[in-house]
There are 2 protein chains.
Amino acid sequence: MIGQHPPTEQIVLENVLAALGNPIRLAITRILAEGGEHPCGAVGLRLEPPISKSTLTHHWRVLRDSGVIWQQPAGRENLLSLRRQDLDDRYPGLLDAILGGARADTSRT
Amino acid sequence: MIGQHPPTEQIVLENVLAALGNPIRLAITRILAEGGEHPCGAVGLRLEPPISKSTLTHHWRVLRDSGVIWQQPAGRENLLSLRRQDLDDRYPGLLDAILGGARADTSRT
């Protein structure tokens, strides 16, 4: 069962930062930042190294509960999308700075 | 004994976000963002609610190890300062977006 998504006005910065302060969740967010909706299975397949389904379930929940992603049931899977507009409304420039920082870190390795 | 501070090039975004994804550490960072050096005791006194010394010691370490703050011994205390230049160099716009978001959240409550 999918839990509740926080209304935009109830998103809390510390929760967003804690959610994104994890390499797997940051990688997931970079994928979702491509835009649109992504089946959770397809996102999972793009992660290196592969992550177990139970661990992924935990990460979807952290990202959903913090207000970073939408998670919508669609048949046997869920469709994930980034709550970009909500995050940009609450914290202008934050998501772009984080995504830019992640790209910069990746290009340094 | 003060541990090592990570060189600027070894700062990792996920660690910075995880460090700041905590209400106490975010409050500490907002104080240090005023600029200059602050004795750790003085910073501790400004936190609401009051935090125990052992808990504060943990938070200094998380902020130092992630590259967010300098922690320099000075007699019986430590002087804390924000590694603003290093963070701005590595992640342009990130600190400003986070500090702005924290102010916005505070003004909503």
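The values are calculated or read from the model by the stated rules, or taken from the named source; none is laboratory data. These numbers were taken from a predicted model, which means no experiment stands behind them. Note that we place each Cβ from the backbone using ideal geometry, even for glycine, and neighbour counts take in every protein chain shown.
So which helices (runs of 4 or more DSSP H) are wholly in segment B:1-98 and hold at least 1 residues that are at the interface with chain A (Cβ under 9 Å from one of its Cβ atoms)?
Filter on segment B:1-98 gives B:13-20, B:23-32, B:84-90.
Among the numbered criteria (1) surrounded by 19 or more Cβ atoms within 10 Å (Cβ to Cβ); (2) among the hydrophobic types (A, V, I, L, M, F, W, C); (3) closer than 25 Å to B:GLU9 by Cβ, which single criterion is violated by B:ALA102?
Evaluating B:ALA102 over (1) surrounded by 19 or more Cβ atoms within 10 Å (Cβ to Cβ); (2) among the hydrophobic types (A, V, I, L, M, F, W, C); (3) closer than 25 Å to B:GLU9 by Cβ leaves (3) as the failure.
Restricting attention to segment A:60-86, and to residues there that are among the polar types (S, T, N, Q) and buried (at least 21 other Cβ atoms within 10 Å of the Cβ), which single residue is farthest from A:ALA42 (Cα to Cα)?
A:SER66
Pull out all pairs, ordered by first then second residue, where Cβ-Cβ is under 9 Å, the residues are six or more apart or on different chains, the first lies in segment B:58-78 and is farther than 9 Å from B:ALA19 by Cα, and the second is surrounded by fewer than 16 Cβ atoms within 10 Å (Cβ to Cβ) and among the basic types (Lys, Arg).
Between residues of segment B:58-78 that are farther than 9 Å from B:ALA19 by Cα and residues that are surrounded by fewer than 16 Cβ atoms within 10 Å (Cβ to Cβ) and among the basic types (Lys, Arg), the close pairs are B:GLN71/B:ARG61.
If the requirement is being modelled with pLDDT of 95 or more and on the phi > 0 side of the Ramachandran plot, which of these qualifies: A:GLY44, A:GLY36, A:GLY21?
Among A:GLY44, A:GLY36, A:GLY21, only A:GLY36 is modelled with pLDDT of 95 or more and on the phi > 0 side of the Ramachandran plot.
Could you run through segment B:46-73 and say how many residues are within 18 Å of B:GLU34 (Cβ to Cβ) and more than 14 Å from the chain's Cα centre (by Cα)?
1
Would you check if B:GLU9 is modelled with pLDDT of 95 or more, in contact with a Pro (Cβ under 6 Å, 6 or more places away or on another chain) and either within 29 Å of A:ARG103 (Cα to Cα) or not acidic (Asp, Glu) (or both)?
Against the criterion (modelled with pLDDT of 95 or more, in contact with a Pro (Cβ under 6 Å, 6 or more places away or on another chain) and either within 29 Å of A:ARG103 (Cα to Cα) or not acidic (Asp, Glu) (or both)), B:GLU9 does not qualify.
Write out, first by first residue and then by second, each pair whose Cβ atoms fall under 6 Å of each other, whose residues are 6+ apart or on separate chains, and whose first residue, in segment A:89-108, is under 16 Å from B:LEU99 (Cα atoms) and at pLDDT below 95 while the second is surrounded by fewer than 16 Cβ atoms within 10 Å (Cβ to Cβ) and among the acidic types (Asp, Glu).
Sorted first by the residue in segment A:89-108, then by its partner, the list stays empty.
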